[in-house]
Amino acid sequence: MNDIIDSIVNRVSNKNLELPYPSDKEMQAVYNAAMRAPDHAWLHPTRFIEIKGKGLDKLSRIFENFAINDMNLENELLINKYKNAPYRAPMVLVAMTKKQEHPKVPKIEQMFSTAAAMQNVLISIDSLGYGAIWRSGIFALNNKILKYFKEDENSEIIGYIYIGTPVGKKKKIPDLKIEDYVNFWN
């Protein structure tokens, strides 16, 4: 094979992440790779919010307030779980789509562009020797949370990428039989 395919085939999500996270210079390269995702009509719908340091406290408050005010949770254990979620990694990227009206590019395709950008982030982070995991759950694809990010209804949070240095053993990648996923028409 080649280095790029090997890197993609061997990438795994890492749920246990700690310091350090990529440098600003490394993140510039990651963002450049992200922006090379397919983008019909060059609408540039993808946006990221990079969160680290005290920014994690702000994200924690957003998750906590959303759980209490919008999910109407009263269970302290669950509220604390959501409140502590941002601290699972030293850096979090919020990935969102700024949806635009376009005669040839439906909004769902713009969201797919952001998802492809997120995949480019995951591959780039891994290639730099760091780890990452894409998380979604209740805090993604949910218009009610947008107000906490001061975003309007034209935005859509696609997911959160937690980034840092992997801790522990790399999980085993299961063997896949391509024939289970691909039909060949010759």
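Readers should treat all values here as calculations from the given coordinates under stated rules, not as data from a laboratory. Not measured: the values here are computed from a predicted model. We place every Cβ from the backbone using ideal geometry, glycine too, and count neighbours over all the protein chains shown.
Rounded to the nearest angstrom and listed largest first, the equivalent-ellipsoid semi-axes of segment 1-140 from its Cα gyration tensor are 27, 22, 13. Springs join every pair of Cα atoms under 10 Å in this Gaussian network model of the chain, and among L141, L77, L43 the largest mean-square fluctuation is at L77.
Note down the net charge around M118, summing +1 for each Lys or Arg and -1 for each Asp or Glu among other residues with Cβ under 14 Å from its Cβ. All intermediate terms of the calculation are to be shown ahead of the outcome.
Numbers: positive: R11, R36, R47, R135; negative: D39, E50, D126, E156.
Net charge in that neighbourhood comes out at 0.
Which entries of K25/K150; K15/K99; K52/K169; K99/K170; K150/K170 show an alpha-carbon separation above 32 angstrom in the structure shown?
Details: K25/K150 27 Å; K15/K99 30 Å; K52/K169 25 Å; K99/K170 36 Å; K150/K170 37 Å.
Where the Cα-Cα span goes over 32 Å, the pairs concerned are K99/K170; K150/K170.
Farthest towards the positive end of the charge dipole of segment 40-134, among the residues V94, N75, L43, is the Cα of L43, using unit charges on the Cβ of Lys, Arg, Asp and Glu. Only helices enter the 222 nm calculation for the chain: every DSSP H run of n ≥ 4 contributes -39,500 (n - 2.57), and dividing by all residues gives -10000 deg cm²/dmol, rounded to 500. Dipole magnitude for segment 110-186: about 420 debye, using +1 per Lys or Arg Cβ and -1 per Asp or Glu Cβ, origin at the Cα centre. Placing a pseudo-label 7 Å from each Cα along the Cα-to-Cβ vector at I68 and K54 gives an inter-label distance of 2.1 nm. Less than 17 Å from a label point 7 Å out along the Cα-to-Cβ axis of I8: which backbone N atoms in segment 101-122 qualify, by residue? Flagged as within label range: 113-122.
Fewest-first ordering of W134, W185 by other beta carbons within 10 Å of each residue's beta carbon gives W185, W134.
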